[in-house]
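*Asks:* Sharing a structure here in structure tokens format.
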Amino acid sequence: MTDLALSALTDVILACELFFLAGMTFRLDVERGSPAWIWGLYLALTGTATMLGAIDHGFFEPIEHPGNPAMKFATRAAIAVATFTMLVATARQFLGTAWQWIVVGAGIVILALTIWVNWTSDDLLALAAGNAASMLLALVLHGTNLRSGRGTLVMCVGILMTIAASSLLFSGGNGLFGLGLYGTLHVALMPAVLVLFLGGLRLRRTRSPGNIT
């Protein structure tokens, strides 16, 4: 199998895992708009981006189909929106109303800029920067709120695992033998997203306190 085929195959497996975990999150007794519910939306949107990537790598990119640039953009746009939902979930979990408005407003600006940059150029770095910023904010807030019980160590571990896996893209290597770089990335993300799901189980399941709407 080619590296593209392996990337597509592992993308499908990862997407199925994410959709399953998102479904498990929504089945819980969570209020719509709560941090836990928005975290489930993050998992679902990440699964959508992963499945779009699988379709692109499996059907469009190998034959240099004219729709390849559009599919690549759709994949990255879905990742950007997923990153924004992570930011909203984190803000609603930890911040008061005023700070929620500030952080979410900044997130909207970053989301718009990221989508525009990826529409006008093939810039993976801009996407990675926005994702890293949201993850680092979540890591800091979970870490500093461990004693209060609002933060969770499991989420911190999941975020660190995700960052470590994602760093493979910028390592300059070719991934594990027989998997390729992207196949290795997807396999490394499989346990990471499971830990993120487990961390999401500790998020607040009601909208209040700190409602921004």
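*Asks:* Per residue, what accessible area does region 9-117 have, given a 1.4 Å probe and all protein chains present, in Å²? Please report the intermediate quantities before stating the final value.
*Replies:* Working: 5060 Å² over 109 residues.
For region 9-117, the solvent-accessible area averages 46 Å² per residue.
*Asks:* Can you tell me the alpha carbon radius of gyration of region 103-148 divided by the globular rule-of-thumb value 2.2 N^0.38 Å? Intermediate values should be presented prior to the final figure.
*Replies:* Values: Rg = 13.3 Å, N = 46, 2.2 N^0.38 = 9.4 Å.
Output field value: 1.41.
*Asks:* Also, quick follow-up: Quick one: angle between helix 35-55 and the longest Cα principal axis of the chain, in degrees between 0 and 90, rounded to 10, please.
*Replies:* The angle comes out near 0 degrees.
*Asks:* Carbon and sulfur: what percent of region 80-137's accessible surface (1.4 Å probe)? Before the final figure, lay out the partial values.
*Replies:* On the way: 2250 of 2800 Å².
Taking all protein chains in place, region 80-137 shows 80 percent carbon and sulfur surface.
*Asks:* Can you give the angle from 0 to 90° between the axis of helix 97-120 and the longest principal axis of the chain, with both taken from C-alpha atoms, to the nearest 10?
*Replies:* Once rounded, one gets 10 degrees.
*Asks:* Using every pair of alpha-carbon atoms in region 62-179, split the distances into 10 Å bins beginning at 0 and state the percent of pairs per bin, rounded to integers.
*Replies:* Pairs per bin, as whole percents: 12, 36, 33, 15, 4, 0.
*Asks:* Still on this structure, I have one more. According to the Kirkwood expression over distinct Cα-Cα pairs, how big is the hydrodynamic radius of the chain, in Å? Please list the in-between numbers first.
*Replies:* Working: mean 1/r = 0.0570 Å⁻¹.
This gives a value of 17.5 Å.
*Asks:* Separate question: Where the centre of each part is set by its Cα atoms, how far does region 90-107 sit from region 18-61, in angstrom?
*Replies:* 22
*Asks:* Rounded to the nearest 10 degrees, what's the angle between the helix 180-200 long axis and the longest principal axis of the chain, both from Cα atoms, 0 to 90?
*Replies:* Tilt relative to the chain: about 20 degrees.
The values are calculated or read from the model by the stated rules, or taken from the named source; none is laboratory data. Keep in mind that what you see is a predicted model, and the values were worked out from it rather than measured. With ligands, DNA and RNA removed, areas are computed over all heavy atoms of the protein, side chains included. Shrake-Rupley method; radii C 1.70, N 1.55, O 1.52, S 1.80 Å.
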